[in-house]
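Trainee: Got a structure for you, written out below as structure tokens; questions coming shortly.
The values are calculated or read from the model by the stated rules, or taken from the named source; none is laboratory data. Because the structure is a prediction, the values reported are computed rather than measured. Note: ideal-geometry Cβ built from the backbone for every residue, glycine included; neighbour counts use all protein chains shown. Each accessible area value is taken on the protein alone, full model and side chains, heavy atoms only, with ligands, DNA and RNA left out. Shrake-Rupley method; radii C 1.70, N 1.55, O 1.52, S 1.80 Å.
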Amino acid sequence: MRPEGETPRTIFFLRAVWRRVAENVLRLFGVEPERTTLALTNTPPTTEEALQAYDRLRRIFGAWQSESDQIDILQAEKWLASNEALDSIVADIKGRRHNQFRLLNSDRYHVDTLLDHADTIAQALPDWDQANLQEMRRLHDLSSGLTHPELIDALEDALKHSESQWLETFEVSERDGARAAWQAQQPILENIFSLRRQLATEPARRLGVAVSEVLLDEWNPHTRNSDIDRAIESAKTRYPHNLQGLAQKLRDAPPPLPLPDVAEELQQKLFRHVLNAFLDAGGWDQNQLDHHDIEIDFTTLPNGFCWGTPNRIKLAIECYEDDVIRGLSNAMHECGHLLYLLALNRLPDAVKSQPVGRVNGYNTHEAAAMFFEQAGYKKRFFDIAAPLIRSILQMDGPEWTPENLHALATRPDPHDMNWGTSELALPPNMVWRVLAERKILDGEMKVADLPTFWAETMQQFTGQSHDPDDFMVAESHWFDRQMGYFWAYQTGAIAASALHDALARDTPDLDQNVATLADYLRPYANFIEDRVFAQAGRFRPLILLEMAAGTRPSMRAYLDRLGRLAEPGTSPHNKVQQNPAPNSNHK
């Protein structure tokens, strides 16, 4: 039996160790913790003092960013880890999150005062530094006011096994149905939502925003609920109208030929070739990868993701033996994420280690991924890819023609609205998730209400009846750290569509005179690196995407594009999935 008081002493010891680690990390960036305290006075700082404050902030946030990078590496390892390895990974994540919290909130560093001092000379700073200072302020605001740091540990403990528990509910679904699976999921989600609400309450109060907007801002910087409401209002009538029109157009069209099953090892060869074509198109030969000390860990899994840091990247492509086209689309998506991360290695050295030199919100990250995924839906893409696919997969026949492969990729089933079946299903699925998440976090709805809310919202947008008893959560975001992420998918898809229009306007001969997949991808890679990737966090995400597209991306224009997405035919995913397979949906 453990002696009384041993656990608190152990916790105290571990926190002391991590505090010392944090101080040593600071020293690596040239910051002596005992020398960072400031005299709190009402006297405005001189220009020299303000510049010194900004220099200190660069060092502190450089240390903060280093911890953030390590957390991203650990997060990707966690997704792939065995249960035996989880304890050490989660313990490492906890320690680094406590380090981050101390860096931005400890009285020892006075980051709030440093920010106020640096703000006095913000307009005189170079534009990269102005943007960096703004991002520092945002990150500090999101972490400020946490009165119970032990909640950091509580959340990580709750998340340690929640994703594996979520996966286990699919076995329950197969055996006992979706309702039983949801009953297993509900208490897990109730605990996670409660912890996320507690962590965000005080930052929300200090910022004067809703609790849901704190989590929304974490993944979609500077986005507010009102921005989402305007987009949803635009979709309320237009989406059902376009869906009905598409269903009418497809009703009597002959379906494309189905594909046979393809072994995973053959699909791996195909997706590896796609990866190499992306690296070639982006100018990333082995010398470049070695020069920047870049490691790319490639694999195939049922759930696709691309995660990590600019030079430590784990890339997983979705692979299903009975759906190679879905895997190919996911390869295009995840490799779009990959090129964004790689491009950050080309930023100026003074920018790379700072928050401004990292991914500019995951709405921008998803815009990059959707930009290339949508490029993979074009007929010209399949003209080039079909011979390659046939050769690598050792397949032949009429089902492997460019025309049939294109039809399989782009002809949705308007009656199958499960997320992941086609891009057509994206808007209603993002709407119900974003609104449900908001209502639960802001205390307007309970987790137990999700089945009914899902059924009512999906029916409102699709005109199709949905039974609450068929509900279960079919993706991992809420069971992981991605609460607040969902709107990034919709913003990314809308922006990607606008970027395609801009590229077509600027490149009249786009997709012509190309012989290889790398040749096809190169103008897309050059365009988005120049207009988006190379800017990193220099501008707010939505401003950057508008500048890149030359117009404000809009839900209306995007929905019109979806209405023109398919040629006559049906989707390869034409079975109504009452209990869909687990889907991470492109983290």
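Trainee: Within segment 90-100, track down each residue that is of a type outside the set (Asp, Glu) and either open to solvent by 30 Å² or more (accessible area, probe 1.4 Å) or closer than 19 Å to PHE305 by Cα (or both). If you could, list the steps in order and put the result at the bottom.
Mentor: Kept after step one, since they are of a type outside the set (Asp, Glu), are these residues of segment 90-100: 90-91, 93-100.
ALA91, LYS94, ARG96, ARG97 - these are the residues of segment 90-100 that are of a type outside the set (Asp, Glu) and either open to solvent by 30 Å² or more (accessible area, probe 1.4 Å) or closer than 19 Å to PHE305 by Cα (or both).
Trainee: May I ask you to list the residues in segment 235-266 that are closer than 28 Å to PHE298 by Cα and hydrophobic (A, V, I, L, M, F, W, C)?
Mentor: Within segment 235-266, LEU259, VAL262, ALA263, LEU266 meet the criteria.
Trainee: Out of segment 496-527, which residues are of a type in the set (A, V, I, L, M, F, W, C) and over 22 Å from SER554 (Cβ atoms)? Working first, answer last.
Mentor: To start, the set of residues in segment 496-527 that are of a type in the set (A, V, I, L, M, F, W, C) comprises 496, 498-499, 502-504, 510, 514-515, 517-518, 521, 525, 527.
Residues satisfying the conditions are LEU510, VAL514, ALA515, LEU517, ALA518, LEU521, ALA525.
Trainee: Check segment 73-82 and report whether any residue there is over 24 Å from LEU159 (Cα atoms) and polar (S, T, N, Q). Step through it out loud before you land on a result.
Mentor: Let us first name the residues in segment 73-82 that are over 24 Å from LEU159 (Cα atoms), namely none.
Taking every residue of segment 73-82 in turn, none turns out to be over 24 Å from LEU159 (Cα atoms) and polar (S, T, N, Q).
Trainee: Looking only at segment 195-248, filter to residues that are assigned to a helix (DSSP H, G or I), open to solvent by less than 60 Å² (accessible area, probe 1.4 Å) and of a type in the set (Val, Ile, Thr); which one of those is farthest from ASN363 (Cα to Cα)?
Mentor: Residue satisfying both the conditions and the ranking: VAL211.
Trainee: Applying the selection to segment 180-190, what residues are open to solvent by 20 Å² or more (accessible area, probe 1.4 Å), touching a helix residue (DSSP H, G or I) at 6+ places or on another chain (Cβ under 6 Å) and within 11 Å of GLN165 (Cβ to Cβ)?
Mentor: Listed by number, the residues that qualify are ALA184, ILE188.
Trainee: More than 21 Å from the chain's Cα centre (by Cα), open to solvent by less than 50 Å² (accessible area, probe 1.4 Å), in the same structural domain as GLU334 (by the TED database) and within 13 Å of TYR340 (Cα to Cα), is that true of TRP284? Steps first, answer last, please.
Mentor: Working: more than 21 Å from the chain's Cα centre (by Cα): yes; open to solvent by less than 50 Å² (accessible area, probe 1.4 Å): yes; in the same structural domain as GLU334 (by the TED database): yes; within 13 Å of TYR340 (Cα to Cα): yes.
Spelling it out, TRP284 is indeed more than 21 Å from the chain's Cα centre (by Cα), open to solvent by less than 50 Å² (accessible area, probe 1.4 Å), in the same structural domain as GLU334 (by the TED database) and within 13 Å of TYR340 (Cα to Cα).
Trainee: Considering segment 62-89 alone, what residues qualify as being touching a Phe, Trp or Tyr at 6+ places or on another chain (Cβ under 9 Å), open to solvent by less than 20 Å² (accessible area, probe 1.4 Å) and over 28 Å from GLU475 (Cα atoms)? Break it down into steps so the answer makes sense when it comes.
Mentor: From segment 62-89, those touching a Phe, Trp or Tyr at 6+ places or on another chain (Cβ under 9 Å) are 62-63, 66, 72-73, 75-76, 79; that's our starting set.
Narrowing further to those that are open to solvent by less than 20 Å² (accessible area, probe 1.4 Å): 62-63, 75-76.
Those that are touching a Phe, Trp or Tyr at 6+ places or on another chain (Cβ under 9 Å), open to solvent by less than 20 Å² (accessible area, probe 1.4 Å) and over 28 Å from GLU475 (Cα atoms): GLY62, ALA63.
Trainee: Hey, could you check segment 441-500 for residues that are in a loop (DSSP other than H, G, I, E, B) and of a type in the set (A, V, I, L, M) and say which is surrounded by the fewest Cβ atoms within 10 Å (Cβ to Cβ)?
Mentor: First, the residues of segment 441-500 that are in a loop (DSSP other than H, G, I, E, B): 442-446, 463-467, 471-476, 480-486.
Checking which are of a type in the set (A, V, I, L, M) leaves us with 445, 472-474, 483.
Numbers: MET445: 17, MET472: 26, VAL473: 20, ALA474: 22, MET483: 24.
It comes out as MET445.
Trainee: On to the next question. Out of the residues in segment 107-119 meeting the condition of being out of contact with any Asp or Glu (no Cβ under 9 Å at 6 or more places or on another chain) and not hydrophobic (A, V, I, L, M, F, W, C), tell me which one is most open to solvent (accessible area, probe 1.4 Å).
Mentor: ASP107
Trainee: So which of THR516, THR421 ends up being within 29 Å of TRP307 (Cα to Cα) and open to solvent by 40 Å² or more (accessible area, probe 1.4 Å)?
Mentor: On the way: THR421 fails: open to solvent by 40 Å² or more (accessible area, probe 1.4 Å).
The conditions single out THR516.
Trainee: Among the residues of segment 363-395 satisfying the criterion of being crowded, with 18+ Cβ neighbours inside 10 Å and among the acidic types (Asp, Glu), which is farthest from the chain's Cα centre (by Cα)?
Mentor: Looking at the filtered set, the residue picked out is GLU373.
Trainee: Condition first: assigned to a helix (DSSP H, G or I) and open to solvent by 30 Å² or more (accessible area, probe 1.4 Å). Now tell me which residues in segment 145-171 satisfy that. Spell out how you get there, then give the answer.
Mentor: Let us first name the residues in segment 145-171 that are assigned to a helix (DSSP H, G or I), namely 150-160, 162-171.
If the condition is that a residue be assigned to a helix (DSSP H, G or I) and open to solvent by 30 Å² or more (accessible area, probe 1.4 Å), then GLU150, ASP153, ALA154, ASP157, LYS160, GLU163, SER164, GLN165, LEU167, GLU168, GLU171 are the ones that fit.
Trainee: From the list ASP141, ASP107, which one is closer than 17 Å to LEU199 by Cα and at pLDDT below 95?
Mentor: On the way: ASP107 fails: closer than 17 Å to LEU199 by Cα.
None of the other options fit; the residue is ASP141.
Trainee: For segment 126-144, which residues satisfy the criterion of being among the basic types (Lys, Arg) and open to solvent by 30 Å² or more (accessible area, probe 1.4 Å)? Even if it seems obvious, please write down each step before you answer.
Mentor: To start, the set of residues in segment 126-144 that are among the basic types (Lys, Arg) comprises 137-138.
Listed by number, the list holds a single entry, ARG137.
Trainee: With a cut-off of at least 2 residues that are polar (S, T, N, Q), name the helices (runs of 4 or more DSSP H) lying wholly within segment 258-376. Spell out the reasoning first.
Mentor: Working: elements: 264-281, 286-291, 324-343, 349-352, 362-375.
Of the helices (runs of 4 or more DSSP H) lying wholly inside segment 258-376, those with at least 2 residues that are polar (S, T, N, Q) span 264-281, 286-291, 324-343, 362-375.
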